[in-house]
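Below: one structure, written as structure tokens.
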Amino acid sequence: MRKIQLICISLLLATSAAVAQTSSTFFRDLAETRNYSLGRPLAPAFTPDNRTVIFLRGGARDPVLRLYAFDIASGQERELISPEQILAGADETLSPEEKARRERARISTRGFTAFELSQDGKRIVVTLSGKLYLLPLDTLEVVALPGSNWIDPRLSPDGNFLAAVKDNDLHVIDLATRAVSQVTTGATETLHHAVAEFVAQEEMSRREGYWWSPDSDWIVYQENDESGVEVRYIADPLHPEFVPQPFFYPRTGTANTKVRLGVIARHGGPTQWIDWERDKYPYLARVIWSEAAAPLTLVVQNRSQQEELVLAADPTSGKTRTLLTEKDPAWINLDDSEMPAWFSDGQQFLWTTERGGTWQVELHRADGTLERVLTPKDFRYSRVLAHDEANGAIYVQGGPDPREAHIWRFPLDGGAGTALTADPGVHSAVFSEDATVYVHSYHRRDGVVGAEIVRDGMPVAQLPSVAEVPPDLPQVELTRVNVGKGTKAARTFDAAIVRPRPFEVGRKYPVILSVYAGPTAKMVTSALRAYFADQWMADQGYVVVRIDG
């Protein structure tokens, strides 16, 4: 008997060790590949002639992003520049401010995490270790720009100047002469210029703290008075020997950053402050200055986020006038799309609202008057992808099934929309400036992912990916749960069920309920690869259920 017991114990230990090893390998693979997403193309942008796509990409297990160009006609890609080329063996370093910005943007990659392509498509600007580099696309000869510890660089619309923030003040670099001009002055430990405050970055999806005028002569920037905001000290868990860094963190119910907005010449000088009821509407949610014929536009909210104004501002006098007012007794959500979206003639703009009970896209006249609603109430809107003025249409991500997302086209003169994607899954797109060609990114319910270039409704090329193919895909059942059927409180909830492999019908399994239930967060989707961890938990002998609140 004792011999049998010893054999059973040995088998149990061996099985436990095998399971532990399998789990360790599974989660290491998942972490190193970022859910098998590393190696896929990111942040695609078309050159003005629509012949080339510029994009970022890392390796299958390498989170360092490099810059590539893809020629659509030939299907050939070339690497334009790599971080190794610039660093020459040195380590990449980030300032505490840049680390905080990336954390709030949920950026975990390194290398070139973003790039600036000039509107004429002739030059690109990248940042690495707080330094700026100019890359002319005709020569590919990297030019190091003066200075260091830069954050948030952005090219002027004419491509001749580069603005960036350093030591909490805004600077402009003349790309022809390499001369650096400090535009704003007077920054202190508690007074910051041209950077988005914590609330804007973390809660409003606004990363910018300054915006170029369409003619490249002026810059509108925000000033942050942090003197009343509580300070929290954040340690680096990877380097416990480092001194914790102080950050202004407005806990719920405590003082927020006091934000105001000013307009200043590109070369500096006096600031014209924009006037609105900042005490009543302290949140600066959006700033739009996109078209020469359209006004500088602000979206501001009260602190309870139950009231919102869309304001047109005169950059010369600082006076504002109200174009739209939104109110909601619960709260007003912010669209991640850049809203309002002005047309080039300044006579119309797009606006998105939940005023009717669901998100809808509206067309407004320049004075704010509603012309028409462009998307129906039963359309599950996600975001505006592009608007095509020449052909009178907008492109929108959404669809009738909230578990999926598709690319739709709606006419500006009203009428039914047309779905441009059909395969079950999550689809999105990045359009060219004239909306004639786009990169269609897809994450299908069968687990197939990719990014294809579509012209005239037809795929013409695939953006290259070097991502690993997962050894197994999750087995997910999407369903709906009816609660309170036949009552006034009846609701339908989306749910996803992941069972162990193999699943024994008739056997009882413990259930893990995975719930977020936060506003706007969708847990149940048709993106199959979102369920890798759920499948692993299920395979340990559970049924894993997600339900959207």
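At-a-glance table
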{"item": "Residues with amide H under 5 Å from that of Y249, placed H, sequence gap 5 or more", "result": "E230, V231, R232"}
{"item": "Distance between modelled label sites at A265 and E326, nm, 7 Å Cα→Cβ extension", "result": "3.7"}
{"item": "Cross-link partners of K377 among aspartates and glutamates (Cα-Cα below 18 Å; sequence separation of 8 or more within a chain)", "result": "E326, D328, D335, E354, E362, D401, E404, D413"}
{"item": "The range 17-156 - percent of accessible surface contributed by carbon and sulfur, probe 1.4 Å", "result": "49"}
{"item": "Loop-located chymotrypsin sites (Phe, Trp or Tyr not before Pro) in the range 165-270, at most 12 other Cβ atoms within 10 Å (DSSP)", "result": "F242"}
{"item": "Taking the chain and dividing mean pair separation by its residue count, relative contact order in percent (alpha carbons under 8 Å, at least six apart)", "result": "8"}
{"item": "Distance (nanometres) between label positions extended 7 Å along Cα→Cβ at R106 and D138", "result": "4.1"}
{"item": "Accessible surface, per residue, of the range 312-433 when the full set of protein chains is kept, probe 1.4 Å, Å²", "result": "46"}
{"item": "Gain upon complete extension [L420, V511; 0.36 nm per residue less C-alpha separation]", "result": "28.9 nm"}
{"item": "GluC sites (Glu not before Pro) restricted to the range 274-330 and DSSP loop, no more than 14 other C-beta within 10 Å", "result": "E277"}
{"item": "Calculated FRET efficiency for the pair L87/V448, C-beta based, R₀ 45 Å, to 0.05", "result": "0.80"}
{"item": "Percent accessible area from carbon and sulfur atoms, the range 430-534, protein chains only, probe 1.4 Å", "result": "54"}
{"item": "Förster-model FRET efficiency, 25 Å R0, L94 and A176, C-beta, rounded to 0.05", "result": "0.25"}
{"item": "Separation in nanometres of the label points that stand 7 Å from Cα toward Cβ, at S216 and E230", "result": "4.6"}
{"item": "Among 329-339, 388-398, the order from most to least packed when residues are scored by Cβ within 10 Å on average", "result": "388-398, 329-339"}
{"item": "Å² of accessible area per residue within the range 61-205, as computed with a 1.4 Å probe and no ligands counted", "result": "45"}
{"item": "Estimated vicinal HN-Hα couplings, Hz - the range 235-241 in sequence order (Karplus 6.51, -1.76, 1.60; Gly, Pro = x)", "result": "8, 9, x, 7, 9, x, 7"}
{"item": "Net charge over other residues, Cβ less than 12 angstrom from the Cβ of P83 (K, R count +1; D, E count -1)", "result": "-2"}
{"item": "Computed lengthening from T188 to V483, 0.36 nm per intervening residue step minus Cα-Cα distance", "result": "100.7 nm"}
{"item": "R0 of 22 Å, Cβ-Cβ distance E433-S74: FRET efficiency to nearest 0.05", "result": "0.50"}
{"item": "Expected 222 nm ellipticity per residue - DSSP helices of 4 or more, -39500 (n - 2.57), all of the chain, to 500", "result": "-3500 deg cm²/dmol"}
{"item": "Within the range 135-243, GluC sites (Glu not before Pro) in DSSP loop having at most 12 other beta-carbon neighbours inside 10 Å", "result": "E141, E189, E230, E241"}
{"item": "Given the chain, longest segment not containing exposed loop trypsin sites (Lys or Arg not before Pro) (DSSP; at most 10 other Cβ within 10 Å)", "result": "252-484"}
{"item": "Listed candidates (i) 18, 52, 27, 4, 0; (ii) 15, 34, 24, 16, 8, 2, 1, 0, 0; (iii) 20, 48, 24, 7, 1, 0 - label of the one calculated as P(r) over Cα pairs in 20 Å bins from 0, in percent", "result": "(i)"}
{"item": "Residue-span extension gain [E203 to L370] - 0.36 nm each, minus C-alpha spacing", "result": "57.3 nm"}
{"item": "Within the range 393-445, percent of DSSP bridges classed antiparallel, to nearest 5", "result": "95"}
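The values are calculated or read from the model by the stated rules, or taken from the named source; none is laboratory data. Computed from a predicted model, the values in this text were never measured in an experiment. Counting neighbours? That spans all protein chains shown, and the Cβs are built from the backbone with ideal geometry, glycine included. Side chains are part of the model used for accessible areas, which takes the heavy atoms of the whole protein and leaves out ligands, DNA and RNA. Shrake-Rupley method; radii C 1.70, N 1.55, O 1.52, S 1.80 Å.
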